[in-house]
Each structure stands twice: as structure tokens, then as C-alpha cells.
Amino acid sequence: MSPLRWKLLAGLVFFAGNTITAAVPFPDPAELPVRQAWPDPLQFLDGSPVTSAADWNDRRRPELRQLFQHYMYGAIPERPATVKFEPRAVYKDFLGGKGTLKLVSVSFGDPAAPTIDLMLVVPNSAKGRVPVFLSINFCGNHALSEDPRIPLARGWLYDSCKGCRDGHATDAAHGGQAQDWPIGEILDHGYALASFCTSDIDPDRKEFTEGLYAWLASKAGSTNPPKPADRGTLAAWAWGCHRCVDYLVTDPDLDAKRIALVGHSRNGKTALLAAAFDDRIALAIPHQAGCGGTAPSRGTVGESVQRINTAFPHWFNANFKAFDTETARLPFDQHCLVALMAPRPVLLSNAVEDQWANPSGQFQVLQAAEPVYRLLKAGSVGATAEPGPGKLVSSRLGYYIRPGKHSMTSGDWRVFMEFADAHFGRGR
Ligand code: GCU
């Protein structure tokens, strides 16, 4: 395709709510050029350079968002016409009076639509609006705390979650992960914590017979259901994050300008994607996110694109499968997704024994995103080599690696708070 044609294509990209729609389709993956080197984030698809911050913001950023949706994640659905917030309960005596627990239901005016059970804990000692960590959980809100007033997740859950059987939580599931979520410390530190479970949006299963896409398909009718190229579970979960943010920006106890999004592993991939597409999210912490998130698709360490597409085909759209053995045809790599965060802070945190997530490749991803941060006068990584274990690089392109395995622990949360402190000012 001629450079002129590409220019026309880029010019025809426009926004519709959160979703970007291309007026003209992009070429088939097999027609894309082979590029072993990671594509330059500051070069348009037609090869012309990005020469100013305005070029980046107004044209290259929309182009990249469009490319990621088209070739990898599927479209992030738009905000529905109706988004309702219903407070289900408010308990001022959470954790012996340290915090107030709010249970909020986020719904969309249609019984066939997913409903999100959002849990929010706010420090009672706060003098004004506080920053908040929005965190995506695997095992249900009930797993974060022993408090039995947090209802069990309604949807399908992994049997590997403590107290879950046959895909559902039992009473034994309360507090199943409480030791890894130091809610008391987070409150003492002056932060609020909000959380929701991905299964409220879309169960982590290959079929698209329930959850967000099933609802969208039923709304569209049989004539225009979402196409396989338009859907992927990570995009559905990112949509869920956006709907939770819709609520958080309205809560009078929270500082809407200091919302940090945290997710571990598959939820880390989701956290980066959601933050890259929603500027209301001020800071992102994709923890041990790895392939399909923070690790390079062209990387040679750990999980490959082919492997993730085979094991978890539903996470990405149909087009992404075409890159299984052809990652060099991708018109972006994951540094471009990190660059979509600019100038906002992002922390890629890792564990030494979690080579599946390619920690060193993630450091290179940060370095490759740097030109965009520099263009926007948002600084650089601030380290020329990967730091040793236990040393936080707290620039806006932040990095951290600790000893140990693939997990999210209380110790990791302390690092998340330290990073957020550096960018938000102390929570308290
Ligand atoms: C698997 C998968 C990873 C993912 C991880 C998780 O290991 O291969 O890509 O990050 O599960 O979500 O725990």
C-alpha cells in the first residue's frame, strides 16, 4: 500500500466515546511488513515521523490505539448509555473502625447486562479526599478480607481460589487471600482501596456465551453481533475498569485526579490496557504482567505469542492469532502500549523467578517507550541498566524486581504505595 494511502487511513481514524473506530479497515496481518526491530512509537504507520507533542496526542496516539484494538485486543466497548451506581451498604466500622466499607453495584439498566460489585474501603482518619488504588481481583472481593459482610462473588471462579468449588465460592472463601491484601496498611497510609472481580464482567473461559460479549451480542441482535476480530476478554475486563472509574470519579471521599490501577498477571495486562485507553487513570501498576501486557511480543524469553494464543485464545481477538509465528509483522510492540500512558507514571514490577513474564524484556520495553515520555517532557527511565532485586526505580517509567516467584504479596503492596507516594505525594 502506498504511503499516501496510509496517510489517508490514519486521517480517517476517529473517536466514538472510549472506543476508536476506523472508517477504513487496516490490511491483513500477512500484508504487513516484517520488522525484526521494534517499531518506532514516534513514526506513523506510513513511515512519516511524529514531529511534535501535538502530532503524538492528536494523531499517533489515536492511530496506536486503533492498531492495538484491531490486531491484538479487540475493540474496548463503549460506555453504555445507562450506567447506574447503587450503594448497597456502607459500614463505618470496617477493620475495627479504621475504615468505611462501601459496597456499590454498578449496573447498566438491563438485566441481561453484567453487574459489577465494586468494593471500596476509605480511611476514616482522612481529612479530605484521598487517592485510591483500583485493583482487579481474581478470586472475588470476599477473598480480600475476613469481613463476612463482603458478599461472595456471584459469578464463576477458578477452583484454585481458596474456598471455591465447582466454579463457585463457598463460605470458606472469605478472606482466602487476605494475607496478600494489606488493607489496614493501605488505609493507615492514607489511601483508599477499591476492587472488583473480573468474573463479574466476563468469566475467564474460552466460550463467549455469557458476560459482556453475550450481552452486547443480544443487544445487537443476530444481524450484527460482535465479530471475533472485535472481542477479547482482556478488552472486556478493561471495559470493567473503565466502568468502575466512572463510579470512583463521583465518590466524594476520593480524589478523582489520583486514581491508580493495579492488577497482577492477566489482570496486570488488563491494568495496562485499561490505563492506556483511559486518561482518568493517573497511574498504572501492571504487576508481573508479561506476554500480552508488559513483555515484548518479539521477546525470546518466557511466554511467546503463540503459546499465550494457544493456552488463552479468548484473551485476544482473532487477528492476533495470525502473529503466532510472525511477531515481526506486528505494527507495534508492547512499548507502544506503555507509551500510551505518557506522561502518566507506570510501574512494571516483577519477580526474579518469574522468567515466564520476561522481566529483562520488560525493562527494555520501558527504555523503548522513553522517546515518547521525553517528547512530552515527562522524563526518562532514570536507570540505564536493569536494577538489582529490591531497588525501586521510581521515575514515571518505573521498574522493580524482587526475589521470589509469580505472586502478589503484602510486600509488593508496600512498593506500590512507595511508587504512588512518589507521584501523588503521600496519601495522608
Ligand atoms: C499464565 C499465563 C500468563 C498469565 C498468568 C496469570 O501463566 O501464561 O500470561 O500472566 O497465567 O495470569 O497468572
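The values are calculated or read from the model by the stated rules, or taken from the named source; none is laboratory data. Because the structure is predicted, anything quoted here is derived from the model rather than measured. Cβ atoms come from the backbone with ideal geometry, glycine included; neighbour counts cover every protein chain shown.
Residues to consider are Gly379, Gly411; find the one that is in contact with a helix residue (DSSP H, G or I) (Cβ under 7 Å, 6 or more places away or on another chain) and without any contact (Cβ under 8 Å) to a residue 60 or more places away in the chain.
Gly379
Within segment 343-381, track down each residue that is more than 16 Å from the ligand (Cβ to nearest atom) and of a type in the set (A, V, I, L, M).
Val346, Leu347, Val352, Leu366, Ala368, Ala369, Val372, Leu375, Leu376, Ala378, Val381, listed by residue number.
For segment 215-233, does any single residue satisfy the condition of being within 21 Å of His168 (Cβ to Cβ) and in a loop (DSSP other than H, G, I, E, B)?
Checked against the condition, which is being within 21 Å of His168 (Cβ to Cβ) and in a loop (DSSP other than H, G, I, E, B), segment 215-233 yields no hits at all.
How about segment 288-342: which of its residues are outside any loop (DSSP other than H, G, I, E, B) and away from the ligand (no atom under 16 Å from the Cβ)?
Correct list: Asn319, Ala322, Ala328, Arg329, His335, Cys336, Val338, Ala339.
So, in segment 273-287, exactly how many residues are in contact with a Gly (Cβ under 7 Å, 6 or more places away or on another chain) and away from the ligand (no atom under 12 Å from the Cβ)?
Summing the residues that are in contact with a Gly (Cβ under 7 Å, 6 or more places away or on another chain) and away from the ligand (no atom under 12 Å from the Cβ) in segment 273-287 gives 0.
When residues of segment 347-404 are filtered for being touching a His at 6+ places or on another chain (Cβ under 9 Å) and either in the same structural domain as Ser52 (by TED's automatic domain parsing) or part of a loop (DSSP other than H, G, I, E, B) (or both), how many remain?
Number of matching residues: 4.
Among the residues that make up segment 277-286, is at least one of them surrounded by 20 or more Cβ atoms within 10 Å (Cβ to Cβ) and over 25 Å from Ala342 (Cβ atoms)?
no
Suppose the filter is of a type in the set (A, V, I, L, M, F, W, C), part of a helix (DSSP H, G or I) and either under 23 Å from Ile285 (Cα atoms) or touching a Pro at 6+ places or on another chain (Cβ under 7 Å) (or both); does Ala143 pass it?
Yes, satisfied.
Please name all residue pairs, on different chains or six or more residues apart, with Cβ atoms under 6 Å, provided the first residue is in segment 98-124 and is touching a residue at least 40 places away in the same chain (Cβ under 8 Å) and the second residue is among the acidic types (Asp, Glu) and surrounded by fewer than 20 Cβ atoms within 10 Å (Cβ to Cβ).
Listed pairs, sorted by first residue: Val122/Asp253.
Could you figure out which of (1) within 20 Å of Gln367 (Cα to Cα); (2) near the ligand (Cβ under 10 Å from one of its atoms); (3) crowded, with 23+ Cβ neighbours inside 10 Å isn't true of Thr270?
Here Thr270 meets the rest and fails (1).
Being at pLDDT 95 or above, among the small types (Gly, Ala, Ser) and away from the ligand (no atom under 16 Å from the Cβ) narrows it down to one of Ser160, Ser135, Ser145, so name that one.
The match here is Ser145.
Out of (1) surrounded by fewer than 20 Cβ atoms within 10 Å (Cβ to Cβ); (2) part of a helix (DSSP H, G or I), the odd one out for Thr250 is which?
It fails just one condition, (2).
May I ask you to say which residue of Ala311, Ala368, Ala378 is surrounded by fewer than 24 Cβ atoms within 10 Å (Cβ to Cβ), farther than 30 Å from Ala54 by Cβ and among the aliphatic types (A, V, I, L, M)?
Result: Ala311 is the single residue among Ala311, Ala368, Ala378 that is surrounded by fewer than 24 Cβ atoms within 10 Å (Cβ to Cβ), farther than 30 Å from Ala54 by Cβ and among the aliphatic types (A, V, I, L, M).
Return the residue satisfying two criteria in turn: it lies in segment 21-51 and is in contact (Cβ under 8 Å) with a residue 40 or more places away in the chain and among the small types (Gly, Ala, Ser), and of such residues it is nearest to Gly299 (Cα to Cα).
The selected residue is Ala30.
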